Structure formats: structure tokens, C-alpha cells
Amino acid sequence: MTHPALSDGRVAVITGAASGIGRATAHALSLRGMRVVLVDCNGDGLRETAASLDGPSLVREMDVANRDAVEELAATCFGEFGQVHFLMNNAAIRVAGSDDESLENWHRTMAINFWSAVYAERAFLPRMIDGGAPGVILNTGSKQGITNPPGNVIYNVTKSALKTYTEQLQHRLRMIDGCLITAHLLVPGFTITGPHKPDPGGWMPEELVEYMLPRLERGDFYITCPDNEVTLELDAKRMAWATHDIIDNRPPLSRWHPDWAAAFEAQLQPQLSCDRGG
């Protein structure tokens, strides 16, 4: 059964819509008859996405880390359409990992990967609630924000912050009497998008969206996606191991610790898979 926020005539706002998961989501929702607002700083990519959609769209080339621009976007959307039913905070960047990242990289990555979602919630959510219609806020997280593999600390921190924020947001929404808006966390697997080259181990964005939408419609908060290499069972074992670092008082990131790596591998058996650090 189609979620009422994801049905014909409803309005979707998608950041990071110029390519990848954002573009694939826009396609899927356009096919449902939804009006789609495409947001990205990549104007050429936005126009390519808009030209390929079956239904009407509104294109906004902008920096989602600019709070004033996000406020203006919300005012435009509600002024144009009267209501927004689906808000997907999908925009993200990833800088090369190192032990000496500049503060500029820290601030910029946090601004796009985390603060843009906060700005969007502040700008859109009160209006969505006041509209009285069912609605969805979907934030795109990462497995790296849960298992925290070494090598890209900035990205991991931003996605960890987004996970915690989205959990708290959903709790707050369910405590509001009569609120019809829900929040959800998308946790992609290895997806062939952005800097990733074609790889048989990854999913195409369209595959991920096809997997995501039914789970969103049934009300899942955590939408954790497998790929062609990593199963949900393996994801669960990785996440459980990370949690047990705290419970069992192991060294942090013990999965990669020389004294604990063998124990981690042993608990995976008979599950075997290539480890991409998720």
C-alpha cells in the first residue's frame, strides 16, 4: 500500500538530486506522479535530472549549507505548492581521509553532511506539521557513521552525528500528539555513485531506491541496505561487534586492533565477504 506522503500529486524536496541516490529517488517519485523539487549545487546535473523526469519539477541550484538559502527554499516550496510531503536530506561530500585534515575541510563537510539537515528540518518541519498532512523526513546516513572504520574520520563523525540527530528527531515527532510526520534514516550499502567506479560488488542507485521505498512505506526507521558483497547478516555482526567494544570494555575500533582482529573474523564464520570498511 502506497504511503500517503509518497503518492500522486504529493510534493517531494530532494537535496543532492544532481546524481546518484538523489537522482534515482527523484525518478522513482516522479513515476508515482509526485511533484519533485530538485536541489543541488551542481546546476548541470540538476538540469539533467529534471530533463529526464516524467513529471513536473522545480530546480534550485544552491548551497544547502547556507541557512538563509534553505529558509528561502522552504518559503518558495510552500508558496508554490502549499505543502511538502517528503523531505530527503541527501546532500553529502566526502574528503580524502588523513591524519591532518584542515579545519576548513572539517567545517565544510560538517556543514553539508550534518548542518544542512538541521537547517532543512528547522525550515520545513513546522510548516509540514501545520499542514496536517502525512509527511516523511528521510536523512541519508552511512554505515561508516555506525561502525566507524579508520581512515576517514571527518566523514564518519558527520554521519554519526546525523544518525544521532535523526533518532532524536523521530523520538520528538512521535511524542507530538496528532503529528503525522515521521523521520527515517537511510543507511546505504556500497552504491555506485559519485566517485565510485563501476564495480560488480556495488548496487546501482536505482537498485537501492527500489529496496528503500517499500521499507520506508512500511514504517522502518533504519533502512539498512545490503549490496552485492555485504549481506544484512554481515552488517548486523559488524554493528554488534562495534557496540560490544563498549559493553565488553575492549579497545575502541577493536575490529581493526591487532589483538582482536582474529576474534572478529572468527565470529563471522561461516559468513565470508570482502570487507570494504563499512
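Every residue, every condition in (1) modelled with pLDDT of 95 or more; (2) in a strand (DSSP E or B); (3) of a type in the set (D, E, K, R), yes or no:
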position	(1), (2), (3)
GLU101	no, no, yes
GLU104	no, no, yes
ASN113	yes, no, no
SER116	yes, no, no
ALA123	yes, no, no
ALA133	yes, no, no
LEU138	yes, yes, no
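Of all residue pairs spaced 6 or more apart or on separate chains, none has beta-carbon atoms under 6 Å together with a first member in segment 9-38 that is of a type in the set (Asp, Glu) and a second member that is outside any loop (DSSP other than H, G, I, E, B). When the helices (runs of 4 or more DSSP H) confined to segment 166-278 are screened for residues that are without any contact (Cβ under 8 Å) to a residue 24 or more places away in the chain, among the hydrophobic types (A, V, I, L, M, F, W, C) and open to solvent by less than 50 Å² (accessible area, probe 1.4 Å), those reaching at least 3 such residues are found at 261-268. Restricting MET128, MET88 to residues that are in contact with a His (Cβ under 9 Å, 6 or more places away or on another chain), more than 17 Å from SER160 (Cβ to Cβ) and surrounded by 15 or more Cβ atoms within 10 Å (Cβ to Cβ) narrows the list to MET128. Which one is least open to solvent (accessible area, probe 1.4 Å), of the residues in segment 55-82 that are assigned to a loop (DSSP other than H, G, I, E, B) and within 16 Å of LEU29 (Cα to Cα)? Ranking the candidates gives GLY55 first. All of (1) within 14 Å of the chain's Cα centre (by Cα); (2) surrounded by fewer than 18 Cβ atoms within 10 Å (Cβ to Cβ); (3) aliphatic (A, V, I, L, M) hold for ILE146 with one exception: (2). When the criteria are applied in full, VAL13 meets the requirement of being within 25 Å of LYS163 (Cα to Cα), buried (at least 22 other Cβ atoms within 10 Å of the Cβ) and within 18 Å of the chain's Cα centre (by Cα).
Just so you know, in segment 36-54 the residues that are hydrophobic (A, V, I, L, M, F, W, C) and open to solvent by 70 Å² or more (accessible area, probe 1.4 Å) include one that is nearest to ASN89 (Cα to Cα), and it is CYS41.
Please tell me if ALA50 is at pLDDT 95 or above, farther than 22 Å from ILE223 by Cβ and either among the β-branched types (Val, Ile, Thr) or not in a loop (DSSP other than H, G, I, E, B) (or both). Yes, satisfied. Restricting the first member to segment 130-149 and to residues that are in contact (Cβ under 8 Å) with a residue 24 or more places away in the chain and at positive phi, and the second to residues that are hydroxyl-bearing (Ser, Thr, Tyr) and open to solvent by 20 Å² or more (accessible area, probe 1.4 Å), the beta-carbon pairs closer than 8 Å and six or more apart or on different chains are ASN148/SER160.
The values are calculated or read from the model by the stated rules, or taken from the named source; none is laboratory data. Everything numeric here is computed off the predicted structure, so don't read it as measured data. Note that each Cβ is placed from the backbone with ideal geometry, even for glycine, and that neighbours are counted across all protein chains shown. Side chains are part of the model used for accessible areas, which takes the heavy atoms of the whole protein and leaves out ligands, DNA and RNA. Shrake-Rupley method; radii C 1.70, N 1.55, O 1.52, S 1.80 Å.
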